[in-house]
Every structure is written in C-alpha cells, then in structure tokens.
Amino acid sequence: MKYGSSLFRISVVFCVLTSMAFATMPDSAQQSKSASAFETGVYQNLFTEWLGIPETLVQAKLDSIYHQLFFGDDKTQRIYYPVGNDMAYIEDVQFQDVRTEGMSYGLMIAVQMNKRNEFDRLWKWMKIYMQHQTGPQKTYFAWQCKPDGTIIDQSTASDGEEWTAMALLFASARWGTDTGMYNYRAEAQAILDNMLHKETAPENDGSATNLFNTKEHQVVFVPNKDASGFTDPSYHLPHFYELWARWAKHDAQFWHDAASVSRKVFQQSANRVTGLAPDYSHFDGTPASTPWSNGTKNFQYDAWRVAANAAMDFSWFAKDTEEVTLSNRIQQFFYSEGIKSYGSVYTLEGKKLASDHSTGLVAMNAVASLASTNDHRQAFVEELWNTPIPAGKYRYYDGILYFLGMLEVSGHFRIYDPMTHSSK
C-alpha cells in the first residue's frame, strides 16, 4: 500500500502523544455555550480543549484518515475510486454501488480538507452519471448507480441533494468561480431552486414533487408521489438552511422558516427519555413505516445522524437550547448502555435490537458533545479519538460518518462564505 509505512509511523506517534495528553487530562471538561461559530468564527476543537491533544496531532490524524479512505488498499481500506484522468466515485463497498449520500459526503469532506482535485473528480462523475438532464426529474440526481455509471434507481434521495448543494457553495467560497459545471455557486443555486420549484417546472409531468413540502417547510423522504408524504429526521439540516437563507438568490424566507421547523422536528420525533429518533417520521414527528423497508419506526442507521445534525446546528448558530437537552438525553442513554459496548439499533424506548457496536454511531454520538452539558460528554470524545479508522466490509458508512465526525469534533468542519470568500 502506498501510504502503509507512513501511516504506521503516524500511529506510533498517536499512541505516545495521546497517552501523554490523557495523563494530563483536566478533571472536568468545561464548554462555553455563549456564542455561535457563525458569530465568532471560532470552532471548538474538543480533542485539544478537553483531551489536551496538540492541534498538530489532530491534523495528522485527519490526514491519515483521508489517505486511508481515499488512497488506501483497494480491497480493504479505500472508498474513493478514480476513473480516468478527471473523475472518481465513492463506493458503498458492501453493496458495490454508488449513492448520492456517499458522493455528497465525499464532496463535503473534500472541500473541508481543501482537496479540489478530488472534489472536482467526484463532482464530474456525479454530474455526468447521476444528475438527470431531461425529463420530469431534471436537475435531481438518481440516488443509486453501478460503479460503471449505470443508473440502478432513477429516484432521488433528499439528503444527497442537500449535502451536494452545501458542498458546492463552500467550494465556491474556497476556490472561486469557474465556468460550466465548475461554476460551483451556479450549480448549487440550480439545485436549491429545483428543491422548491420542481412541481411548477415545465418538464414535470406531475410525477416529481418538490424536495421540501412547502406547506410543512420540511424535507421529504423522496420527491415523488409515493414517498413525499413523510420525512426522515436525519435529513433535517437547519444549519444548512440558515446559510441558504443568507446566500441563496431566492426563497430566503422559506429557508429561514425551514430551519426553525427542523429544530422542532428534532424534538417532536425524538423520545422524551432516550432522545432516540426513528429513521422515518410523519411531519408531526410520529414514527412512520413503509411497505418496502422494515424497522423504520425504530432508531437505526439513518437516525444515527440526528445527534450530529442537532449538535452542529447548535455549534454553528446556538438558536435553540432544546438541542442541548436532546444531546444530553442521547448521551445519557448510550452511556447507560455501556459507552464501549452499546448497540446500533434500538426501539425509541431503548430496547436493544442489534448488538454490534458501530463506528459510525460512535462518531455521531461524539459530535453531540458540541452541544451537550452532561458529565459524560468528554468520554464520548475520548471514545472517538481512540476508535481506529474503519476498514473492511462496512468501511463505507462507518468510515464516512467517522470522517465527518472527526472533522466536526475537531473544529475542522467550517462555514466558508461564498459572499466574502472567507471562513466564518
């Protein structure tokens, strides 16, 4: 493997310096909740603030994650696969397919890590193979393709559209405006407009819906007639909508209102004791099930992300202290289940349905520490730091959530303003 020897040396340094840092760990972790990152431009690095780990070591770890997931061993480590001289895809190696979820997360990781080459490769593959150029779903992306670009499912996963638009806006801020498909801001604006105005688009025959229910101000599960009558709590990204309200050329009031509604959805959908949300919910927050997917009334793989979404919103904007309460509930529940051994799937009331201890959930629970105030929040950050980079069969979802979680907890997941071309 190209990076094998250097990664081994980095790992040795991690072990030595981490031990030194933990030996001097403060008795209690104090976190300021007084000001938002958007207001101050200051992003908390919980690894340095709470665990005493030097920023240089944090950056080295982020670099090692990047190299393993993007350039590691083809069969056991990487999820990023180049195609020709100017394209690449993120593969769900378990199912051997390419999903807008992973592609959009890959775009976000690339822009946060300032990796324009990898960003542009992913974006070109996505634009060419996944985005509908004609027909009722024009501008939407097909959510699932084969690695050769053949579309498996024409329908759209709403979270992929949201993360793609946000990543493109950040790219515009970091790297400026180019032409064609690399005019990142124009591409983002087209996606945002399509989200709210698909139903009146001239090419639509009535089969496609808006990505957001404009009456409820909520993102829908899939923007078609069969799956637009409910939502997915983990698709709610109020911290993104706050930025779109400021940066989008149209619909500012809608995005402002959607941010407020999404914060309420977190509270309405989560259990009042455990803090666990279902995979799918009705617009009033009650759990929803579908005929094609079992268990969606439970806390499972999609719902892992609710903790991170709520905490990131609070970290960036600090507009709703109920997100602090929710973060505390989630962490209290998982701490009571055993911080090193809790399961991955539960009923909302807390009955364990799957015992595997998944890295992706470890990462999302650590991100909750950006908002939580409970006595165990530092332990979740320490668990993430000590968790190895995912490899093997499940490295796609676990790995990509792990990487996002590491960026978020370390303060390296930042707002890049396309209006000023600067970091907020």
Of the residues in the stretch 362-395, those that are buried (at least 24 other Cβ atoms within 10 Å of the Cβ) and among the hydroxyl-bearing types (S, T, Y) come to S369, S372
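Regarding V58, is this residue modelled with pLDDT of 95 or more and over 30 Å from R246 (Cα atoms)?
yes
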Any residue in the stretch 404-424 that is under 20 Å from S172 (Cβ atoms) sitting within a Cβ distance under 6 Å of a residue that is at pLDDT below 90 and hydroxyl-bearing (S, T, Y)? List the pairs, counting only those 6 or more apart or interchain. R414/S423; Y416/S423
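Report whether or not M419 is assigned to a loop (DSSP other than H, G, I, E, B) and either of a type outside the set (V, I, T) or out of contact with any helix residue (DSSP H, G or I) (no Cβ under 8 Å at 6 or more places or on another chain) (or both).
yes
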All positions within the stretch 202-219 that are surrounded by fewer than 24 Cβ atoms within 10 Å (Cβ to Cβ) and either within 17 Å of the chain's Cα centre (by Cα) or over 18 Å from A288 (Cβ atoms) (or both): P202, E203, N204, D205, G206, S207, N210, T214
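Being in a helix (DSSP H, G or I) and either out of contact with any Pro (no Cβ under 8 Å at 6 or more places or on another chain) or not assigned by TED's automatic domain parsing to the domain that holds E337 (or both) is the filter here, so list the residues in the stretch 262-277 that pass it.
Taking the stretch 262-277 and keeping what is in a helix (DSSP H, G or I), we get 262-269.
Residues satisfying the conditions are K264, Q267, Q268.
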Only one of G338, G405, G411 that is on the phi > 0 side of the Ramachandran plot and within 17 Å of the chain's Cα centre (by Cα): G411
Identify the single condition in (1) under 23 Å from D417 (Cβ atoms); (2) in contact with a helix residue (DSSP H, G or I) (Cβ under 8 Å, 6 or more places away or on another chain) that Q218 does not satisfy, given that it satisfies every other one. (1)
Residue list for the stretch 196-247, filter: over 23 Å from D320 (Cβ atoms), in a helix (DSSP H, G or I) and without any contact (Cβ under 8 Å) to a residue 40 or more places away in the chain: H197, E199, T200
Need the failing condition index for M103 against (1) over 26 Å from R246 (Cβ atoms); (2) touching a helix residue (DSSP H, G or I) at 6+ places or on another chain (Cβ under 8 Å), just the number. (1)
Taking the stretch 172-198, which residues are more than 22 Å from the chain's Cα centre (by Cα) and of a type outside the set (S, T, N, Q)? G176, D178, G180, M181, Y182, A186, H197, K198
I'd like the residue in the stretch 67-114 that is surrounded by 20 or more Cβ atoms within 10 Å (Cβ to Cβ) and polar (S, T, N, Q) and, out of all such residues, is farthest from L168 (Cα to Cα). Q77
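The values are calculated or read from the model by the stated rules, or taken from the named source; none is laboratory data. Just so it is clear, the structure is predicted and the values come from calculations on it, not from any experiment. Neighbour counts run over all protein chains shown; Cβ positions are idealised from the backbone, glycine included.
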